[in-house]
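No lab work stands behind these numbers, since they all come straight from the coordinates. Since the structure is predicted, the reported quantities are computational estimates derived from the model, not experimental observations. Every residue, glycine among them, receives a Cβ derived from its backbone with ideal geometry; neighbour counts consider all protein chains shown.
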Ligand code: SF4
Ligand code: SF4
């Protein structure tokens, strides 16, 4: 088990880094920038910033990470999380970033604009609504 920080460590976190930590209880500051998460991510090629860069942005408190397309390309497959040598749940951090974005009332998709909506499986629509709209 990887050490998960101290109260002093929590107090010293940057505002945005702490906000993410408070949502998912995962500490991006444990990252050693090995890049393994990006190497195994099946959607890395489509992402404007790669998973290890997402974690880096969270570490330095760069809030613009919530405006990247990468957090929406993540399909929560857990491949990155399973291989992280620091046992960081990267998937949970990305989920927290989506949540922060959605709390700003910025929907990632407009469901009414989806073509042939009625032909899609209900479960897919509910899932998309939960994941992509606030
Ligand atoms: S696999 Fe873990 S330690 Fe390596 S870059 Fe990704 S988050 Fe950081
Ligand atoms: S959980 Fe997301 S970031 Fe991690 S490997 Fe899967 S798609 Fe990539």
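Taking other Cβ atoms within 10 Å as a rough exposure proxy, 58, 49 sort from fewest to most as 49, 58. Working note: 222 nm ellipticity from helices only, DSSP H runs with n ≥ 4, each -39,500 (n - 2.57), summed and divided by the residues of the chain, gives -13000 deg cm²/dmol to the nearest 500. Helix 90-103 and the longest principal axis of the C-alpha atoms of the chain enclose an angle of approximately 60°. Spatially, the stretch 120-134 and the stretch 51-109 are offset by 19 Å when compared through their Cα centroids. Nearest 10 degrees is fine. How inclined is helix 122-132 to the longest principal axis of the chain, computing both from alpha carbons? For helix 122-132, the angle is close to 40 degrees.
Using a cutoff of 8 angstrom between alpha carbon atoms and counting only pairs six or more residues apart, the relative contact order for the chain works out to 24 percent. For the stretch 66-134, the relative contact order is 34 percent, taking Cα pairs closer than 8 Å that sit 6 or more residues apart in sequence and dividing their mean separation by the residue count.
Considering only the Cα atoms of the chain, their convex hull presents on average a projected area of 8.7 nm². With respect to the chain, whose longest principal axis is taken over its alpha-carbon atoms, helix 15-24 is tilted by about 70°.
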